[in-house]
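Visitor: The structure that follows is given in the form of structure tokens.
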Amino acid sequence: MRLRLAAVCAVVLAVPLGAGAAPSFKATFAAPTHTPKVNAKWVYVVRAGDSAGRPVKATITSQLVDPYGGVHAVEFGCCKRFVTNRPFTGVFRDYVRYPPESQGFRLVFRVTVKALGGKRVLTYWVKPR
């Protein structure tokens with residue numbers, strides 16, 4: 001009995017506590033203002049790095065959440081494709097043009113970054129003027 005208990009304790013102590021945990025990474029969002037002008041380019045930057053600050057491979061999904069809870073995919077600034085599960089390494093830059101219909105409404109710009117087996121959701125409120 002003692003031998004079995006000792007074997008179980010040895011196995012429990014041999015397994016590291018962090019085994020199976022996803023490696024951590026850091027994601028940041030930056031934009032020039034919370035109140036962009038309508039029909040003007042509003043540039044945003046998303047960075048993904050490991051705990052030491054080195055760039056990591058990641059995917060990004062950008063969405064706009066309206067005041068009523070509707071979620072809308074964001075298009076690339078240059079074309080009619082959506083920023084959905086788009087791969088990047090380290091830094092992602094793009095821009096958005098807010099239509100005149102969005103003027104005066106408080107929206108939430110939501111970015112989902114997936115990397116190293118983990119996920120980070122970044123939010124940034126905007127109110128086009």
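Visitor: Checking the conditions here, which among Pro87, Pro32, Pro128 is modelled with pLDDT of 95 or more, at negative phi, touching a helix residue (DSSP H, G or I) at 6+ places or on another chain (Cβ under 6 Å) and not hydrophobic (A, V, I, L, M, F, W, C)?
Guide: Pro128
Visitor: Hey, among the residues in segment 28-40 that are out of contact with any Asp or Glu (no Cβ under 9 Å at 6 or more places or on another chain) and β-branched (Val, Ile, Thr), which one's surrounded by the fewest Cβ atoms within 10 Å (Cβ to Cβ)?
Guide: Thr33
Visitor: Next question, about the same structure. For segment 41-62, how many residues are of a type in the set (Gly, Ala, Ser), surrounded by 12 or more Cβ atoms within 10 Å (Cβ to Cβ) and without any contact (Cβ under 8 Å) to a residue 60 or more places away in the chain?
Guide: 3
Visitor: Between a first residue in segment 91-106 that is among the acidic types (Asp, Glu) and a second residue that is outside any strand (DSSP E or B) and surrounded by 15 or more Cβ atoms within 10 Å (Cβ to Cβ), which pairs have beta carbons less than 7 Å apart while being 6 or more apart in sequence or on different chains?
Guide: The qualifying pairs are Asp94/Gly77; Asp94/Val83.
Visitor: Additional query: Of everything in segment 88-129, what is assigned to a strand (DSSP E or B), more than 12 Å from the chain's Cα centre (by Cα) and exposed (fewer than 14 other Cβ atoms within 10 Å of the Cβ)? Give them in sequence order.
Guide: Thr89, Arg93, Trp125
The values are calculated or read from the model by the stated rules, or taken from the named source; none is laboratory data. Owing to the predicted nature of the structure, the values given are computational and were not obtained by experimental measurement. Ideal geometry is used to build each Cβ from the backbone, glycine not excepted, and the neighbour counts take in all protein chains shown.
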